[in-house]
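K.L.:
This is the structure, below, for whatever I ask next.
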Amino acid sequence: MNATEKPQGFLDEFWEQLEDADPLQLLDDLTEVVLEKGELTGDEIEDMVEFIFPLFSKFVRSLGNYSSPLDRSKKFLVNYSQCIEEVLVSFDGWLDLTQKSRTKIFGNLTSILAACGLPLLDKLFVDHKIELEFKKSTSVLTVEVRSGERGTLLDDIVFPSAGSDTYLTVPASFQEDDGGDHYSYVGALYQVRDMDALLPGNQNSFGGNNAVNSGLLSFSAKARTTINLTLPATLTFRNTRSPRSPPYEEIWRHIHDGEEPTFIPQTHRCTFWNFNASVWDTEGLREVSSDHDITVCQSNHLTNFAVLMSIHGYVRGCEVAAVSLHFAFLCAFTWMALEGWRLRNPTARKQEGRNEFRYYLAVGYAVPVGIVVITAGVAFGTGARGYGEGEFCWLSSPGYIWAFAVPVLLVVVANSIILFRVVDAVRRQKRNLSVMRRHQSGGTQLGSAMRVFSLTILLGCGWLLGVLQMEVSPIFAYFFVIVGCSQVREGSWAIQMFAVE
């Protein structure tokens, strides 16, 4: 940011006054205007961030002009926090900006407090022998600023000090690490609607499909000094997106009441925002622990921290298994369709020769190969990761699941129609039987029912129970397993019949 640049916008009047006006009074006026204005547009957000930096810098330079620098500093920080809060809550305005602009502007915003707040603390202590402690917290922003004489800080620093499920613990020994006769630090916790929209997780130094999964915790100590901590700082983050909203919720079904999702290890990574490269980086950080709700990290330096989550816990080897499963299931359903085709007319089966089996063999495997090749080509060709991304080695996006769902639905619906036609044909033939044969024994009637049940299983109609399992209740899973096991037996019989006939 350059204090000499004066962008055009709703702050034109303030830019004109910046050179000569009292910076504290100017910020008072700006705060009043922003509070009255309410929701800011993208351009107004950009103007605000560009203006606050030179305004804060001028206030630090003008500190000696005030009779009560401590009170004036606290008042300035109050107004500063209010303005930043209004910028953060105007999230729709952020979304009006391009992704590149959002990242640049938000990165500049997070650097203002350290770039100007730490020099303010140093100037107060060195020039006026004044220690400052300031705290302000809202739903989207927590700011804490503090300075004091070296060695007087006896306990570890916990930020935010008022308590939060995302916080930083810095050992009191950091006073010895930064040198000098005093300590100073500034902390800010940013908790916006979607941090990943501002500092994208995919913009990182280590690769992979990632998303920011926490608030942004910013903590800096001692101006113009890079501090390497002797004892590491501990960061505890509340995961914004928990596996309680599982990856497969987008793909196939919602999690059932009482069902615990499987946590995917190594999907959460501790990172910091590297201002020089404008990417998320991991240098000096390590993960201590991570579960469904909390991720704990340690760092040997202080900066802007957050947790990145590997989206759907993508595992490279899983994609091979996913492609194989897709092919195997499609083969199973294609053979179900072929069996249904053979049953479409009971008399037609007698006219089929042995060459028909070669035709069925070609269709039974060629169709699945074609579907899988097209799906895999699109998935891997576009980098969309349609296979193997999630808790399961399976199709892993709402779009690609239709490469399996559509063939299955077509087969089940078609075979259900064929089954009803076959049963109806048999029923009509029985009308021509004698009265005696129509009133057969209960055992023969039971046998007829079992044959109909076998046909239902063989033609894949039992997979409707799988849909009920996922969409209605997990109790249908028991029936689905029983029917599925029976289908294996009936399928083996069908293959033998194909070969014999």
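The values are calculated or read from the model by the stated rules, or taken from the named source; none is laboratory data. All figures in this text were calculated on a predicted structure; none of them were measured in a lab. Backbone-built Cβ (ideal geometry, glycine too); neighbour counts: all protein chains shown.
K.L.:
With Val89, Val78, Val60 as the choices, which residue is under 33 Å from the mean Cα position of the chain (by Cα) and either of a type in the set (Val, Ile, Thr) or surrounded by fewer than 18 Cβ atoms within 10 Å (Cβ to Cβ) (or both)?
P.N.:
Numbers: Val78 fails: under 33 Å from the mean Cα position of the chain (by Cα); Val60 fails: under 33 Å from the mean Cα position of the chain (by Cα).
Sole residue among the options that is under 33 Å from the mean Cα position of the chain (by Cα) and either of a type in the set (Val, Ile, Thr) or surrounded by fewer than 18 Cβ atoms within 10 Å (Cβ to Cβ) (or both): Val89.
K.L.:
Continuing with the same structure: Which members of segment 138-184 meet the condition of being crowded, with 18+ Cβ neighbours inside 10 Å and of a type in the set (S, T, N, Q)?
P.N.:
Scanning segment 138-184 gives Thr142, Ser147, Ser164, Thr166, Gln175, Ser184.
K.L.:
Residues that are hydroxyl-bearing (Ser, Thr, Tyr): which strands (runs of 3 or more DSSP E) entirely in segment 120-210 hold 2 or more of them? Full working, then the answer.
P.N.:
Numbers: elements: 133-137, 141-149, 157-159, 167-170, 182-190.
The strands (runs of 3 or more DSSP E) meeting that bar are 141-149, 167-170, 182-190.
K.L.:
Just to be sure, is Asp155 of a type in the set (Asp, Glu) and in the same structural domain as Asp29 (by TED's automatic domain parsing)?
P.N.:
It is false that Asp155 is of a type in the set (Asp, Glu) and in the same structural domain as Asp29 (by TED's automatic domain parsing).
K.L.:
When you scan segment 62-71, do you find a residue that is closer than 13 Å to Leu113 by Cβ and modelled with pLDDT of 95 or more, even just one?
P.N.:
There is no residue in segment 62-71 that is closer than 13 Å to Leu113 by Cβ and modelled with pLDDT of 95 or more.
K.L.:
Under the condition of being surrounded by fewer than 19 Cβ atoms within 10 Å (Cβ to Cβ) and free of Cβ contacts under 8 Å to residues at least 24 places away in the same chain, which residue from segment 196-215 is nearest to Thr303 (Cα to Cα)?
P.N.:
Asn202
K.L.:
Identify all residues within segment 232-244 that are in a loop (DSSP other than H, G, I, E, B) and modelled with pLDDT of 90 or more; write none if there are none. Even if it seems obvious, please write down each step before you answer.
P.N.:
Taking segment 232-244 first, the residues in a loop (DSSP other than H, G, I, E, B) are 232, 239-244.
Pro232 - this is the single residue of segment 232-244 that is in a loop (DSSP other than H, G, I, E, B) and modelled with pLDDT of 90 or more.
K.L.:
Now, a different point. Under 8 Å by Cβ, and 6 or more places apart or on different chains, what pairs join a residue from segment 117-135 that is touching a residue at least 12 places away in the same chain (Cβ under 8 Å) with one that is in a helix (DSSP H, G or I) and among the hydroxyl-bearing types (Ser, Thr, Tyr)?
P.N.:
Leu120/Ser73; Leu124/Ser73; Leu132/Ser73; Phe134/Ser73
K.L.:
Another question about this same structure. Checking the structure you have, find out if any residue of segment 425-440 is surrounded by fewer than 11 Cβ atoms within 10 Å (Cβ to Cβ), assigned by TED's automatic domain parsing to the domain that holds His326 and either modelled with pLDDT of 80 or more or closer than 21 Å to Glu319 by Cα (or both).
P.N.:
Of segment 425-440, the ones surrounded by fewer than 11 Cβ atoms within 10 Å (Cβ to Cβ) are 427-429, 431-432, 434-439.
Checking which are assigned by TED's automatic domain parsing to the domain that holds His326 leaves us with 427-429, 431-432, 434-439.
Checking the rest, the ones that are also either modelled with pLDDT of 80 or more or closer than 21 Å to Glu319 by Cα (or both) come to none.
Within segment 425-440, not a single residue is surrounded by fewer than 11 Cβ atoms within 10 Å (Cβ to Cβ), assigned by TED's automatic domain parsing to the domain that holds His326 and either modelled with pLDDT of 80 or more or closer than 21 Å to Glu319 by Cα (or both).
K.L.:
Next question. Look through Arg193, Arg224 and report the one residue that is under 23 Å from Arg238 (Cα atoms), surrounded by fewer than 16 Cβ atoms within 10 Å (Cβ to Cβ) and either modelled with pLDDT of 95 or more or basic (Lys, Arg) (or both). Spell out the reasoning first.
P.N.:
Working: Arg224 fails: under 23 Å from Arg238 (Cα atoms).
Within the list Arg193, Arg224, the selection yields Arg193.
K.L.:
Do we have Val372 as at pLDDT 75 or above, under 21 Å from Leu343 (Cα atoms) and surrounded by 12 or more Cβ atoms within 10 Å (Cβ to Cβ) here? I'd like the intermediate steps shown before the answer.
P.N.:
Numbers: at pLDDT 75 or above: yes; under 21 Å from Leu343 (Cα atoms): no; surrounded by 12 or more Cβ atoms within 10 Å (Cβ to Cβ): yes.
The answer is no for Val372.
K.L.:
Would you mind telling me which numbered condition in (1) under 30 Å from Ala405 (Cβ atoms); (2) of a type in the set (Gly, Ala, Ser); (3) at pLDDT 90 or above Gly313 fails?
P.N.:
Of (1) under 30 Å from Ala405 (Cβ atoms); (2) of a type in the set (Gly, Ala, Ser); (3) at pLDDT 90 or above, only one is false for Gly313: (3).
K.L.:
How many residues does segment 31-48 hold that are of a type in the set (A, V, I, L, M, F, W, C) and either surrounded by fewer than 20 Cβ atoms within 10 Å (Cβ to Cβ) or not assigned by TED's automatic domain parsing to the domain that holds Gln17 (or both)?
P.N.:
Of all residues in segment 31-48, those of a type in the set (A, V, I, L, M, F, W, C) come to 33-35, 40, 45, 48.
Narrowing the set further to residues that are either surrounded by fewer than 20 Cβ atoms within 10 Å (Cβ to Cβ) or not assigned by TED's automatic domain parsing to the domain that holds Gln17 (or both) leaves 33, 35.
Residues flagged as of a type in the set (A, V, I, L, M, F, W, C) and either surrounded by fewer than 20 Cβ atoms within 10 Å (Cβ to Cβ) or not assigned by TED's automatic domain parsing to the domain that holds Gln17 (or both) within segment 31-48 amount to 2.
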